[in-house]
1. What is the sum of charges around VAL186, taking Lys and Arg as +1, Asp and Glu as -1, for the other residues whose C-beta is under 13 Å from the C-beta of VAL186?
2. List every residue whose amide H lies under 5 Å from the amide H of ASN44, counting only residues 5 or more places away in sequence or on a different chain, with H placed 1.01 Å from N in the peptide plane.
3. Taking 26 Å as the cut-off for C-alpha to C-alpha distance, list the pairs among LYS202/LYS468; LYS177/LYS411; LYS73/LYS462 that go past it.
4. Stretched out fully, how many nm does the piece from ARG185 to LEU26 gain, at 0.36 nm a residue minus the Cα gap?
5. Calculate the spin-label point distance for PHE86 paired with GLU130, positioning each point 7 Å from the Cα along the beta-carbon direction, and give it in nanometres.
6. Under the rule of at least 5 residues apart or a separate chain, name every residue whose amide H is placed under 5 Å from the amide H of SER582.
7. Using the Kirkwood radius over Cα pairs, work out the Stokes-Einstein diffusion coefficient for the range 483-590 at 25 °C and 0.890 mPa s, in µm²/s as a whole number.
8. Using the basic label-point model (7 angstrom from Cα toward the beta carbon), what is the THR418 to ILE204 distance in nanometres?
Amino acid sequence: MEEAPDDDDDSSFPDSGGNVDRDGGLLSGCFFLDHVGEVLLSRNHDGLSWRCLDASDCEGTTCLGIGNSQDCKTEIKFSDIYAVEFLNYGLLHSPKSGLRHAKDCFRERLLISQEMYRFTVHGFQSSAKEPCLWKLAEFTFGHMDLQTCQSWMDQLNYSLIKEVDRPRNLLVFVHPKSGKGNGSRVWETVSKIFIRAKVNTKVIVTERAGHAFDVMTSIQNKELHSYDGIIAVGGDGFFNEILNGYLLPRLKVPLPPSPSEVFNSVRSSGSSSVPEQGDAVHEADQKEQYPLLPDSVQEVINFRTVNGSCEEIEDPDHPFSGERPRFGLIPAGSTDAIVICTTGARDPVTSALHIILGRKIFLDAMQVVRWKTASTSTIEPFIRYAASFAGYGFYGDVISESEKYRWMGPKRYDYVGTKIFLKHRSYEAEVMFEEAESENGKASPQTRSKTWPFRNTTRSEKILCRAKCSICNSKADDGNITRTTPISYPEKTRWCRTKGRFLSIGAAVMSNRNERAPDGLVVDAHLSDGFLHLILIKDCSRPKYLWHLTELAKRGGEPLNFEFVEYHKTRAFTFTSLGEESVWNLDGEIFKAHHLSAQVLRGLIPLFASGPEI
Ligand SMILES: Nc1ncnc2c1ncn2[C@@H]1O[C@H](COP(=O)(O)OP(=O)(O)OP(=O)(O)O)[C@@H](O)[C@H]1O
C-alpha cells in the first residue's frame, strides 16, 4: 500500500501498506464491507466513499441490485462520523440474504463469511421521509492485514480531530421524573453514544425542582469554562431552569422599559405616539397604576444610555466577555417544543448526535421582568429568561392547574386544557408593544405589526425557519448575527397600546411546534431573527375560541385568521393586569406577574442543533 501525497498534512501518517491507489491525491484501498462485500474504499477531503467491486451490476447507480438509496449508503462525510472503533480479528458477513441480485453480484467467493481485522465507522442516516430524524448507522470494514486497518483508523481519527466544534467535556443534568418519568432511561440509552464518541460527561441527576438552577448559579466560571457544553435531559421547563441558573447571575444588560416608563416616555415625547389598538385608555388610570418608581428601579433603568443603547459590564471573569458555553437539550419532557423547533424531531438519539457532532445555532431569548407580583405588591424588578414562550390567561391557567395533575404525565395538559376551555375565563389587561420599524423609518412588510385581515400571506409565501436559515443568519443593525445586547429605544420608536378583555396573551420566541400544534403558534417564527410574536386573543364566544384552537391543532391551519386575534411582530412589550392577580406561563413554568415587560435578546443562546430540515 502506498500513500498518495496530499495537499494537507496527512503525510505525517505511516504508510498504510498494501493496496492503496493514487487517485487525484486521495487515499483508497480494497476492503470487505460487512453485509455488503468487497468494496473500493476512498478517503477524500471531506469524507469516505466506497464502491462495490466485482460484479458489473454493482456499478453506476446500483449496488447489489438496489438503487443507491438510504439502504445502501456509499459515502459518509467526516462531519457526520462520530466515532471510529477498532474491532480486532473477527467475522464479517456476506451480503444480506434476500437482496436482489446479491448472488450474481458477489458470486460464491464473497457469499462466505470471512474472518479478518476490522474497524467500524459510526455515523448516522436520515430517512428520505423524515430527514430530521437521525438513526445510528455503522459501517464495518475488514482487511486481512492488521497494519492496513490500523493505518486507516489513524487517518480517520486524525480527520475527526479536525472537526473542531465537537465537545469533549460536558456537564449533563438529568431530570429523572421528566415527562412520563423516564429522564434517567433516556439518558441511559443515549449515554452509550457519548461513551463511544469519547465525550466525557459529568452527570448530575436532580433530586428536586431547583436543583439544577442552584448548581448553575453557584458553579464558578472557571469550572463552567472547563465544559464545552451544558446538557439538559428533560423538558422545556427543565431547560428553562438551567438557562436561568446560568444567565441570572452572569448576564447584566439593561432591562426593557417598565409599563409606566413606556407610558410616561410616550406621553412626554412629541415624536413618539401610541396608536391605540383597542379601547381608550385614561391617563388618570395610568397615574394610579404607575406611581414614581423607587430608587432601586431607577438604578436598573439607568443602565440604558441616553440614546437607548446599552453598556455591557466589563468583567474579565464574565462568561459573556468570551465564548459562551453551548447548551444542549435531550428530550424527555411532556411537550419538548424547543427540541422539535431546533432539530425538527423529538428524538433523544437525534439530539445526542447533534450534540456530539458539534452542530451549532443561536437562539433568541426573551428577557422577562416582573415589576409587580399582584396589584397590591410593591415594585420590585425580578428577572427571568424564556427560550420558547410566555403565555397569560388560558396558558397561565393551564400551567397552574396542571401542576396538581403532574402524576398524569403529559396527558395532564389535555385534561386540564379541556377544563380551562370549558370555564372560558377572560382577563382584563393592557398591553403596549414596540412597533418594529425598518431602518428608513417605514415599517417594512416583514416587521410591521399586523392585525388580521392584513396578515394575508399564504402559507407557501411564508418563509419558514430551517437549517442554515437566511433570515436567522442575516446581520443585525450592529453588523452582528447575534445581538445579546438589548434593543435600543430611539426617539422614533413607536409603541402601540391595546386594552381589553383577553382569553389569552401569548408571546412566542420560536414557532413552538409540538405534537398538539404541529405548525406551532406562529408557523413562520424564526429561531434567531430578533423578534417576538405577540398573539392577543380577545374575548369571544366559546365556539369561536374552539375554532381558533382547532386551527392551532391542525397542520396547515390558520389560527391567526380571526377577527378576535391580534398578531404583532415586535421586539418588546409591556403588560399590566387590570385584575387582582395574574399568572403567566414561562416555558411551561408558573410565573406570577401583575406588571411585566419583556424584550428579545437576539441569538443569546448557543445551542447544539442545526435547525429543522423542513
Ligand atoms: N428531581 C426532580 N424532582 C421534581 N421536580 C424536578 C426534579 N428535577 C427538576 N424538576 C422540576 O420539574 C420541572 C418540569 O420538568 P420538565 O420540564 O423536565 O418536565 P415536563 O414539565 O414534564 O416537560 P415539558 O416542560 O416539556 O412540558 C422543572 O421546572 C424542574 O424544576
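1. Details: positive: LYS177, LYS180, ARG185, LYS192, ARG346; negative: GLU188, ASP336, ASP347.
Neighbour charge sum, excluding VAL186 itself: +2.
2. Hits under the 5 Å cutoff: SER49.
3. Pairs exceeding 26 Å: LYS202/LYS468; LYS73/LYS462.
4. Numbers: separation 159, 0.36 × 159 = 57.24 nm, distance 4.32 nm.
Full extension of this stretch gives 52.9 nm more.
5. Result: 3.7 nm between the two label points.
6. Sorted by chain and number, the residues that satisfy this are ALA593.
7. On the way: Rh = 15.4 Å.
Translational diffusion coefficient: 159 µm²/s.
8. Those two pseudo-labels are separated by 4.0 nm.
Where a number appears in this text, it was derived from the coordinates with a stated rule and is not lab data. This structure is a prediction, so every number in the text was calculated from the model and none was measured. We place every Cβ from the backbone using ideal geometry, glycine too, and count neighbours over all the protein chains shown.
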